[in-house]
Amino acid sequence: MRATILGMGLLALGACDAAPVVAQTAPWQQAAPNKKDATPAFKGQTRARWDKSSVKPAVQVVASGIPHPWAIAMLPDGDVLVTQKSGKLWLVTPKGQKSEVAGAPKVAYGGQGGLMDISLGPDFTNQLTLWLTYSEPRGGGKSGTTLAKAVLSKDRKSITGLTVVFRQQPAWSGGGQFGSNIAWDSAGNIFLTLGERYSVESRKHAQNITDDLGKVVHITPEGKPAPGNPFIGKAGAAPEIWSYGHRNPQGAAINPKSGKLWEIEHGPRGGDEINVPEPGKNYGWPVITYGIDYPGGPIGDGITAKPGMEQPIYYWDPVIAPSDMIFYKGDLFPWTDQLLIGSLAGGVVRLIVDGETVVAEDRMLEDEGRIRDIDEAPDGALWLAVDDSDGKLLRVTPG
Ligand SMILES: [Ca+2]
């Protein structure tokens, strides 16, 4: 039961059977943070005021039986492609009929690894090209995040011509923290978010600009460094890097107003964060973080700020465990231009943003399980993939 705040500073305990009533200036989150000594770098960097929506979302189960889905991609005519982490690709019709799409790549399935993101390329309408990320077996028990493209057959029964476009280097052992999200910039180049592979040793690479662990890379559709990248021509640096110091960024979206990349990443215990990565900048992991280590001690020196390292525009402690996010474009819900975040631990998180400032936060659908992906259909409905053994696809509309 959460404390209920009535009016200005009056604190009372709410009845468990009643919806909590909280003044609109109070944050949604009332629980204590894990990192008790953290001070936000600026007002509103965490625990923005709660904007409780008047809309109650209605949930319809469109399909189930896709165990542990990872990502969905909406085709222009309403069909949906779904990746299953173990290495299958599915086509689901709006009425929920599902059929397997043959030709998915071989994946290193285990831990957080498997078949992950799926994205339609800008030329999908003409060329039927789609893009996949997955944990690729690289030999010696190691794996790495790989981006590949393939062509969907006209009958949608298979993908063909699977071609690897980019391989995160170096490969690493274990099943932890691959990223990975595909976002397209306005020039038709790709931002790909890449995790630092979890281990105490691999996480140090997030600060190392010679490789791809804990990075956002910016590449052409051919897998080359995108023109204008910050480290092109710099000796010893990897020219594909856009930004570094990331932990496990599983979500990304282009802000339709600014055209800039926004990225969301998992912290450890505490410290999930949203960044707006600028070229060549350092987002701090594992040197600065608003979280603590899983056993309870500090990460590194336990600091949250350092010169030369960028602050997140927003963070959470306790975590939400963010999967992906979208800027809502439609008007079926009264949330146009707001940020909707799927999360494994907090349902769908809604943020009202003003420029690059988060001004309010709301939560919904917290009882629907681990939300592994969120997308918006052409009609403005939200589609969610639920990460469990039953693997549901949900369509959400105003109730
Ligand atoms: Ca950071």
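The values are calculated or read from the model by the stated rules, or taken from the named source; none is laboratory data. Source: prediction; values computed, not measured. No Cβ is skipped: glycine too gets one built from the backbone with ideal geometry, and neighbour counts run over all protein chains shown.
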**Message:** I'd like to check something: does segment 101-124 contain any residue that is assigned to a strand (DSSP E or B) and basic (K, R)?
**Reply:** no
**Message:** Going by what's in this entry, would S143 be described as touching a strand residue (DSSP E or B) at 6+ places or on another chain (Cβ under 9 Å), assigned to a loop (DSSP other than H, G, I, E, B) and either among the polar types (S, T, N, Q) or buried (at least 22 other Cβ atoms within 10 Å of the Cβ) (or both)?
**Reply:** no
**Asked** Would you say N248 is under 17 Å from the mean Cα position of the chain (by Cα) and either crowded, with 24+ Cβ neighbours inside 10 Å or among the charged types (D, E, K, R) (or both)?
**Response** yes
**Message:** I'd like the full set of residues that are of a type in the set (D, E) and closer than 18 Å to W184 by Cα, limited to segment 208-240.
**Reply:** E222, E240
**Asked** Taking segment 57-84 on its own, how many of its residues are over 17 Å from I159 (Cα atoms) and either touching an Asp or Glu at 6+ places or on another chain (Cβ under 7 Å) or in contact (Cβ under 8 Å) with a residue 60 or more places away in the chain (or both)?
**Response** 16
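Restricting to segment 67-100, name every residue that is small (G, A, S) and either farther than 26 Å from R138 by Cβ or outside any strand (DSSP E or B) (or both).
Those that are small (G, A, S) and either farther than 26 Å from R138 by Cβ or outside any strand (DSSP E or B) (or both): G78, S86, G87, G96, S99.
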**Request:** Within segment 119-128, identify whether any single residue is touching a Lys or Arg at 6+ places or on another chain (Cβ under 9 Å) and either within 28 Å of V62 (Cα to Cα) or without any contact (Cβ under 8 Å) to a residue 60 or more places away in the chain (or both), and answer yes or no.
**Result:** yes
**Request:** Report yes if S258 is away from the ligand (no atom under 16 Å from the Cβ), surrounded by fewer than 24 Cβ atoms within 10 Å (Cβ to Cβ) and farther than 21 Å from R49 by Cα, otherwise no.
**Result:** yes
**Item:** Residue tally, condition on the phi > 0 side of the Ramachandran plot and near the ligand (Cβ under 9 Å from one of its atoms), over segment 289-301
**Value:** 0
**Item:** Within segment 268-288, tally of residues that are within 11 Å of the ligand (Cβ to nearest atom), farther than 22 Å from R49 by Cα and part of a loop (DSSP other than H, G, I, E, B)
**Value:** 7
**Item:** Conditions (1) under 21 Å from the mean Cα position of the chain (by Cα); (2) surrounded by 19 or more Cβ atoms within 10 Å (Cβ to Cβ); number of the one not met by A171
**Value:** (1)
**Request:** Would you tally the residues in segment 302-329 being farther than 22 Å from G259 by Cα, β-branched (V, I, T) and away from the ligand (no atom under 12 Å from the Cβ)?
**Result:** 2
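Here's the yes/no breakdown for (1) in contact (Cβ under 8 Å) with a residue 40 or more places away in the chain; (2) within 15 Å of G114 (Cβ to Cβ):
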{"residue": "L132", "(1), (2)": "yes, yes"}
{"residue": "S143", "(1), (2)": "no, yes"}
{"residue": "L147", "(1), (2)": "yes, yes"}
{"residue": "L152", "(1), (2)": "yes, no"}
{"residue": "T160", "(1), (2)": "yes, no"}
{"residue": "F166", "(1), (2)": "yes, no"}
{"residue": "Q169", "(1), (2)": "yes, no"}
{"residue": "G174", "(1), (2)": "yes, yes"}
**Message:** Condition (residue is within 21 Å of the chain's Cα centre (by Cα), within 14 Å of the ligand (Cβ to nearest atom) and crowded, with 24+ Cβ neighbours inside 10 Å) applied to segment 221-240: is it met by at least one residue?
**Reply:** no
**Request:** State all residues of segment 176-220 that are part of a helix (DSSP H, G or I) and crowded, with 19+ Cβ neighbours inside 10 Å; if no residue qualifies, say none.
**Result:** S202, R203, H205, A206
**Prompt:** Any residue in segment 301-318 that is over 30 Å from S202 (Cα atoms) and either of a type in the set (A, V, I, L, M, F, W, C) or out of contact with any Phe, Trp or Tyr (no Cβ under 7 Å at 6 or more places or on another chain) (or both)?
**Reply:** no
**Message:** So, in segment 176-215, exactly how many residues are closer than 19 Å to I292 by Cβ and charged (D, E, K, R)?
**Reply:** 3
**Request:** Could you please tell me which pairs satisfy a Cβ distance under 8 Å, a separation of 6+ or placement on different chains, a first residue in segment 257-273 that is over 20 Å from G297 (Cα atoms) and aliphatic (A, V, I, L, M), and a second residue that is in a loop (DSSP other than H, G, I, E, B) and more than 11 Å from the ligand (Cβ to nearest atom)?
**Result:** L261/D185; L261/N255; L261/V276
**Asked** Between a first residue in segment 275-292 that is touching a residue at least 12 places away in the same chain (Cβ under 8 Å) and more than 15 Å from V216 (Cα to Cα) and a second residue that is more than 10 Å from the ligand (Cβ to nearest atom) and part of a strand (DSSP E or B), which pairs have beta carbons less than 7 Å apart while being 6 or more apart in sequence or on different chains?
**Response** I288/I303; G291/R269; I292/R269
**Message:** Restricting to segment 360-399, give me the number of residues that are closer than 19 Å to I320 by Cβ and either charged (D, E, K, R) or modelled with pLDDT under 95 (or both).
**Reply:** 12
